[in-house]
Amino acid sequence: MSVSGDASLDANPGVSPGTSPDVTTEAPTTVAAPPANPALLGLPCFVVGGLGLSLYLLGYLPPAGVGALVPLVLFVPGLGLLVSAIWAARAGQSAVGSILGLFSAFWISYGFLVFGLGSGLLGVDAVAAAPAQGTFLIAWLVAFIALTVSTIRLPLAYTVMFVLVTIAVALVLLAVLTASAVWLTIAGVVGLAFSLVGLYMYIGAMSAELGGKGFALGAPLAG
């Protein structure tokens with residue numbers, strides 16, 4: 001049984017002989033990388049600095065050993081937060097970079113202050129030591145108050161941490177002005193509190209980054 005030429009089978013109906021079918025290819029779907037999160041470096045560095053300072057304020061680290069804080073605060077929160085701030089700035093996160101950079105500047109300047117007063121490098125004698133520390137603390141107290149007020153649109157956990165930092169600085173200033181160690185002890189407790197808040201935020205952020213569930217940070221005080 002044969003098939004005549006007039007009734008030939010066309011494997012591609014509607015396509016003229018001698019032409020190729022119009023094949024449309026779709027571009028492969030690409031999955032965008034998650035946005036950078038500089039806080040994953042900044043938060044643990046901040047926690048290390050906060051815990052070290054708190055242990056000193058609570059008396060675990062005696063005054064004679066305060067020099068041990070210098071490498072701790074310079075190279076962990078100081079340098080770590082500086083790297084985080086640059087990372088945030090390069091990622092276009094200006095507000096995050098500002099916060100991280102401000103805390104980096106605090107820890108670096110605090111480290112140099114401790115080193116300078118302890119070694120005599122700054123030329124500050126015993127009489128001028130208290131006013132020198134007071135000047136440092138007043139300036140940073142104003143900066144942290146401004147930071148706290150200007151960031152109330154962040155989740156509540158950030159505001160709580162900034163408020164605790166501000167209170168701790170105010171308590172240390174009060175201890176310097178009154179020469180009372182009681183305020184230093186209270187400041188140490190507050191320091192542990194803001195360090196724990198930072199640790200909570202870090203664990204939650206890392207969990208979310210690795211595909212898990214992040215921790216609740218609370219609603220902002222201002223919309």
task = For the stretch 41-144, please list each of the helices (runs of 4 or more DSSP H) lying entirely inside it that holds at least 2 residues being β-branched (Val, Ile, Thr) and touching a Phe, Trp or Tyr at 6+ places or on another chain (Cβ under 8 Å).
result = 69-73
note = Ala205 vs (1) hydrophobic (A, V, I, L, M, F, W, C); (2) free of Cβ contacts under 8 Å to residues at least 12 places away in the same chain; (3) under 25 Å from Ser54 (Cβ atoms): all pass except (2)
task = Kindly indicate whether Leu192 is under 14 Å from the mean Cα position of the chain (by Cα), under 18 Å from Val73 (Cβ atoms), modelled with pLDDT of 95 or more and surrounded by fewer than 20 Cβ atoms within 10 Å (Cβ to Cβ).
result = no
task = Taking the residues in the stretch 145-160 that are in contact with a helix residue (DSSP H, G or I) (Cβ under 7 Å, 6 or more places away or on another chain) and assigned to a helix (DSSP H, G or I) as candidates, determine which candidate is farthest from Tyr202 (Cα to Cα).
result = Ile145
The stretch 60-84, residues that are within 15 Å of Pro44 (Cβ to Cβ) and small (Gly, Ala, Ser) = Gly78, Gly80, Ser84
request  = Residue by residue through the stretch 171-183, note down the ones that are surrounded by fewer than 18 Cβ atoms within 10 Å (Cβ to Cβ) and part of a helix (DSSP H, G or I).
outcome  = Leu174, Leu177, Thr178, Ala181, Val182
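Per-residue answers, yes or no, for (1) in contact (Cβ under 8 Å) with a residue 12 or more places away in the chain; (2) of a type outside the set (Ser, Thr, Tyr):
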site	(1), (2)
Gly80	yes, yes
Ser94	no, no
Phe103	yes, yes
Trp107	yes, yes
Ala129	yes, yes
Leu156	yes, yes
Thr159	yes, no
query = Name the residues in the stretch 105-124 that are farther than 22 Å from Ile152 by Cβ and not aliphatic (A, V, I, L, M), would you?
reply = Trp107, Ser109, Tyr110, Gly111, Phe112, Phe115, Gly116, Gly118, Ser119, Gly120, Gly123
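Rundown of residues vs (1) buried (at least 20 other Cβ atoms within 10 Å of the Cβ); (2) under 17 Å from Gly198 (Cα atoms), yes/no style:
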{"residue": "Gly42", "(1), (2)": "yes, yes"}
{"residue": "Ser54", "(1), (2)": "yes, yes"}
{"residue": "Ser94", "(1), (2)": "no, no"}
{"residue": "Ser109", "(1), (2)": "no, no"}
{"residue": "Gly116", "(1), (2)": "no, no"}
{"residue": "Leu122", "(1), (2)": "no, no"}
{"residue": "Ala128", "(1), (2)": "no, no"}
{"residue": "Leu137", "(1), (2)": "yes, no"}
key: Odd one out for Ala179 among (1) on the phi > 0 side of the Ramachandran plot; (2) without any contact (Cβ under 8 Å) to a residue 40 or more places away in the chain   = (2)
request  = Find the residue count for the stretch 195-223, including only residues that are among the small types (Gly, Ala, Ser), surrounded by 12 or more Cβ atoms within 10 Å (Cβ to Cβ) and either more than 22 Å from Gln133 (Cβ to Cβ) or more than 15 Å from the chain's Cα centre (by Cα) (or both).
outcome  = 7
task = Look through the stretch 56-78, keep the residues that are of a type in the set (A, V, I, L, M, F, W, C) and free of Cβ contacts under 8 Å to residues at least 24 places away in the same chain, and return whichever of them is surrounded by the fewest Cβ atoms within 10 Å (Cβ to Cβ).
result = Ala64
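The values are calculated or read from the model by the stated rules, or taken from the named source; none is laboratory data. All of these numbers come straight from a predicted model, not from anything done at the bench. Methodologically, a virtual Cβ is constructed for each residue, glycine included, from the backbone with ideal geometry; neighbour enumeration extends over all protein chains shown.
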